[in-house]
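One structure below.
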Amino acid sequence: MATQNKIQKNSLIIFLFTLVVIAQTATSQNCLTIGCPGIKECCSHTGYCGTNVEHCGFWCLSGPCQLSKSSSSYRLNDGPRGKIESIVTPALFHRLMRKVGSNCTGKGFYTREAFITAVKSFEGYKGTVAKREIAAILAQFSYESGNFCYKEEVTSETYCSSSKTYPCQSGKKYYGRGLLQSIKWNEFYGEAGKYLGLPLLKDPDMVARSPEVAFKFAMWFWKTEVGPSLRLGFGATTMRINGIECGGMSWNAEAMQNRINQYLEICKWFGVNPGKDLYC
């Protein structure tokens, strides 16, 4: 009888272990649509997450991809500069927000004051800033939030990974919120909260409640994850934010072009050259 109980116990352990492996494998194979749960993981073109060259090298689609050592002739953080308040004027911000429909949850939520406060809270953005980079920021923020229409992603997924550093909190979901809704998973909320000094792991909904926190959350990702790609042009920033649109496939070509069109429009408003490296 004791032997039978031991066999049953071992069988249960093996069964539970198998479930964990299957769940982790499913997450790894779905990174083309839901991203990688680890902040240091890259998503390869085959849909697997990892940290080696097969994932972060030439075929990397999202995450901390290994960037080319070359630079674009039109770096995003070069060119005409000015203070953020003088670049993003009340009239220009109103122009951005005029596309927000009356039925949008983001209607009246995203404000110019919150944007400027958030931007100036980061080192490197307190003095003068490059107009071309601000155009890229606003274009990416606009596209990722549906022209500033949404405060949070429409999904039932929890995006909870088995992170020891940033364990999921009971009852909390870590789907996309704010301006860059491709930012998901508990590790990202935990890391952003640590950087910003905010309890985002315990209260991820803070991003959808406070416009200032929403902009800071997006700017944290921009500065820490997108920043290294600024020397490569606008297309490289798209790779960092949502690389599944890259690669020239017909099904994602329209999405990529829509991002580019928004960037070109804002560059025109600012009177700056958008550069040549627009595609990723």
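Read-outs throughout are calculated quantities, based only on the coordinates presented, and are distinct from any laboratory measurement. Since we're looking at a predicted model, the values are computed, not measured. As a convention, Cβ positions derive from the backbone with ideal geometry for all residues, glycine included, and neighbour counts pool all protein chains shown.
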Q | Rounded to the nearest 20 debye, dipole of the range 60-144 from Cβ charges on Lys, Arg, Asp, Glu | A | 220
Q.
For a quick check: with amide H placed at 1.01 Å from N, whose amide H comes under 5 Å from Gly176's, ignoring anything fewer than 5 positions away on the same chain?
A. Glu153
Q.
Only four residue types carry charge here, +1 at the Cβ of Lys and Arg and -1 at the Cβ of Asp and Glu. Report the dipole size of the range 198-280 about the Cα centre in Debye, rounded to the nearest 20.
A. 220
Q: Arrange Cys280, Cys149, Cys56, Cys43 by Cβ neighbour counts within 10 Å, fewest through most, would you?
A: Cys149, Cys56, Cys280, Cys43
Q | Order of Lys173, Lys223 - criterion: other Cβ atoms within 10 Å of each residue's Cβ, fewest first | A | Lys223, Lys173
Q.
Please list, in order, the residues from the range 217-242 whose amide nitrogen is less than 19 Å from a point placed 7 Å along the Cα→Cβ vector of Lys99.
A. 218-219, 234-239, 241-242
Q | Restraint check, Lys173/Lys268; Lys99/Lys172; Lys107/Lys202, Cα-Cα greater than 28 Å | A | Lys173/Lys268; Lys99/Lys172
Q: Give me the aspartates and glutamates in straight-line cross-link reach of Lys276: C-alpha distance below 16 Å, same-chain residues under 8 apart excluded.
A: Asp78, Glu133, Glu265
Q.
Starting from the 7 Å offset along Cα-to-Cβ, what nm value, one decimal, do you get for the label separation of Leu92 and Thr111?
A. 2.0
Q: Name the shape class, rounded, prolate or oblate, that the alpha-carbon gyration tensor gives for the range 101-154, where a ≥ b ≥ c are the square roots of its eigenvalues, rounded holds for a/c under 1.5, and otherwise prolate holds if a/b is larger than b/c and oblate otherwise.
A: prolate
Q: Report, ordered by chain and residue number, the lysines lying within cross-link reach of Lys126, taken as a straight Cα distance under 16 Å and ignoring same-chain residues fewer than 8 apart.
A: Lys83, Lys216, Lys223
**Q.** Burial ordering of His55, His94, fewest other beta-carbon atoms within 10 Å first
**A.** His94, His55
Q: Could you work out how far the C-alpha centroid of the range 99-126 sits from that of the range 200-227, in angstrom?
A: 11
**Q.** Thr158 paired with Thr51, simple spin-label distance in nm, labels 7 Å along Cα-to-beta-carbon
**A.** 2.5
**Q.** Whole-Hz ³J(HN,Hα) from phi, Karplus 6.51 cos²θ - 1.76 cosθ + 1.60, for the range 275-280, glycine and proline x
**A.** x, 10, 8, 8, 9, 10
Q. Assuming R0 = 22 Å, what is the FRET efficiency of Tyr195 and Asn77, from their Cβ-Cβ distance, to the nearest 0.05?
A. 0.65
